[in-house]
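Working notes, structure below.
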Amino acid sequence: MSEAFGFREFGGPQVQVFFDRPDPVPNPAEVLVRVTVASVNPLDFKLRSGIAPQFYGEQPFPHVLGAEATGVVLAVGAEVEGIAVGDTVFGCTLTGAGTFARTTVLDGANTARKPEGLRDDWAATIPVAVTSALNAVDQLGLPGGATVLVNGVGGGVGLVTAQVARDRGLNVIGTGGTAKRTLAEAVGVTFVDYTDGDAVRQVRDLAPDGVDGVVDLVGGASLRAVAPLAREVGKVVSVTDPTVSELGGEMVRRRVDRSDLERAAALMVQGRLDPYVVKTYPFSQAAEALALVEHGHALGKVVIDMA
Ligand SMILES: NC(=O)c1ccc[n+]([C@@H]2O[C@H](COP(=O)([O-])OP(=O)(O)OC[C@H]3O[C@@H](n4cnc5c(N)ncnc54)[C@H](OP(=O)(O)O)[C@@H]3O)[C@@H](O)[C@H]2O)c1
């Protein structure tokens, strides 16, 4: 048995609970790990609220929170290649096993060995947040010197998107609340504080002819406001709001295979990408960690250290 943090029914934070569960048994495509760091994402509270119950299949409650983690391999499924017992790996769980837990199973194809010199907490942010940023910038495919608007630049995906874009020679304008300015500017973003008034007008002042592409991390009315800033209608991608297609744009096509994980890890090891882990909680404060992300104005990444 090992300790886990999850929820006893779909709902708000009041349904969250610590409990003991048997160590999960890896299927042939999975690895069993002792979790060292779990990373927190908006996906976690969205799944808890019941937006995708099919994610948990026939599994009974309580379900375990968390989708990505770093951990030490305890057992390897027969079909998993390139990973051995004792390796430190990072990856995501696709079978609803959760990662806010002392042990869990990760999907072998969506898991990679952690390279020398990469911190466990940084690695834990790669499978969901960092690869989303890579996929978004890849999909826009803008040439060096172009200007991209990152809507929601101060959060977990936003700060990474800005760095990946800068690394490719793009100019980045980013929107966010006041507390995001310092870090955004530190990674080379021309920052637009939406609390200073109309964000669209502020971007127009910076780019009177519009921008070459938009990466949206906010959705809803905010997405609808900024989408027309793209000079070309199709050059808007969102990681969060499928109605982007009604605006001529596209959802970011997600890919979390091992090569993407390794590509992101290499950028970090080379000093070209910092996931900005701004807050680390002990496992006993998993609820506080999730609450910080759930309030909707997180700065950088929030992680749970299981050590
Ligand atoms: N499809 C996928 O695989 C995938 C993967 C990762 C994330 N996502 C989704 O992408 C979204 C962003 O993820 P995340 O991890 O970056 O979330 P996050 O860390 O919570 O960051 C969201 C950021 O947006 C800012 N924001 C809120 N309203 C804004 C507005 N009107 N204008 C500009 N900024 C605003 C927030 O703070 P301030 O308002 O204080 O600036 C916050 O910094 C979430 O909905 C998440 O579920 C999807």
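Quick look at the numbers
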item	result
Dipole in debye (nearest 20) - segment 129-251, about Cα centre, beta carbon charges: Lys, Arg +1; Asp, Glu -1	140 debye
Kirkwood Rh and Cα Rg combined as Rg/Rh, segment 186-279	1.02
DSSP H segments from the chain that extend 15 Å or more along their own axis, Cα-based, with Kyte-Doolittle mean of 0.5 or above	156-167
Sites Gln59 and Arg254 - FRET efficiency at Förster radius 22 Å, r taken between beta-carbons, to 0.05	0.45
Protection-proxy order for peptides 222-228, 107-113, 19-25, each taking the mean of Cβ atoms within 10 Å per residue, highest first	107-113, 222-228, 19-25
Order of exposure, largest accessible area first, which applies to Glu185, Glu58, Glu68 with probe 1.4 Å	Glu58, Glu185, Glu68
Lysine pairs in the chain with Cα atoms under 26 Å, if 8 or more residues apart or on separate chains	9
Helix-derived mean residue ellipticity, 222 nm - over the chain, DSSP H n ≥ 4, -39500 (n - 2.57), to 500	-7000 deg cm²/dmol
Net charge dipole size for segment 73-188 [Lys, Arg +1 and Asp, Glu -1 on Cβ; Debye, nearest 20]	420 debye
Of Gly271, Pro13, Ser2, farthest towards positive along the dipole that unit charges on Lys, Arg, Asp, Glu beta carbons give the chain	Gly271
Residues listed by number, segment 47-72, amide nitrogen under 15 Å from Ala29 label point at 7 Å toward C-beta	55-57
Leading residue at positive end of dipole, segment 129-251 (Cβ point charges), from Val160, Gly234, Ser222	Val160
Whole-Hz couplings from phi, Karplus 6.51/-1.76/1.60, listed for segment 26-32; x for Gly and Pro	x, 6, x, 9, 10, 10, 8
Extension reserve of the Leu94-Met1 stretch, reckoned as 0.36 nm per residue once the Cα distance is removed	31.4 nm
For the chain, size of Cβ-based charge dipole, Lys and Arg +1, Asp and Glu -1, in debye	320 debye
Chain lengthening between Thr182 and Phe18 when straightened (0.36 nm per residue, less Cα-Cα)	55.4 nm
Derived scalar couplings ³J(HN,Hα) [segment 13-25; Karplus, 6.51 cos²θ - 1.76 cosθ + 1.60; whole Hz; x for Gly, Pro]	x, 5, 8, 6, 7, 8, 7, 9, 9, x, 4, x, 9
Span from the segment 8-81 Cα centroid across to the segment 164-212 one, whole angstrom	35 Å
Listed residues Tyr56, Tyr276, Tyr194, Tyr281 arranged by accessible area, highest first, probe 1.4 Å	Tyr194, Tyr276, Tyr281, Tyr56
Beta bridges by DSSP in the chain, antiparallel share as percent, to the nearest 5	60 percent
Rg ratio (alpha-carbon, reference 2.2 N^0.38 Å) - the chain	0.99
Distance histogram in 5 Å bins (all Cα pairs of segment 1-74, percent per bin)	3, 15, 23, 27, 21, 9, 2, 0
Ranked order, His297, His63 - accessible area, probe 1.4 Å, largest first	His297, His63
Descending semi-axes in Å of segment 61-165, equivalent ellipsoid built from Cα gyration tensor	29, 16, 12
Carbon/sulfur fraction of accessible area - the chain, other protein chains in place, 1.4 Å, %	53 percent
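The values are calculated or read from the model by the stated rules, or taken from the named source; none is laboratory data. Because the structure is predicted, anything quoted here is derived from the model rather than measured. Note that we place each Cβ from the backbone using ideal geometry, even for glycine, and neighbour counts take in every protein chain shown. Quick note on the areas: whole protein, heavy atoms, side chains included, nothing else; ligands and nucleic acids left out. Shrake-Rupley method; radii C 1.70, N 1.55, O 1.52, S 1.80 Å.
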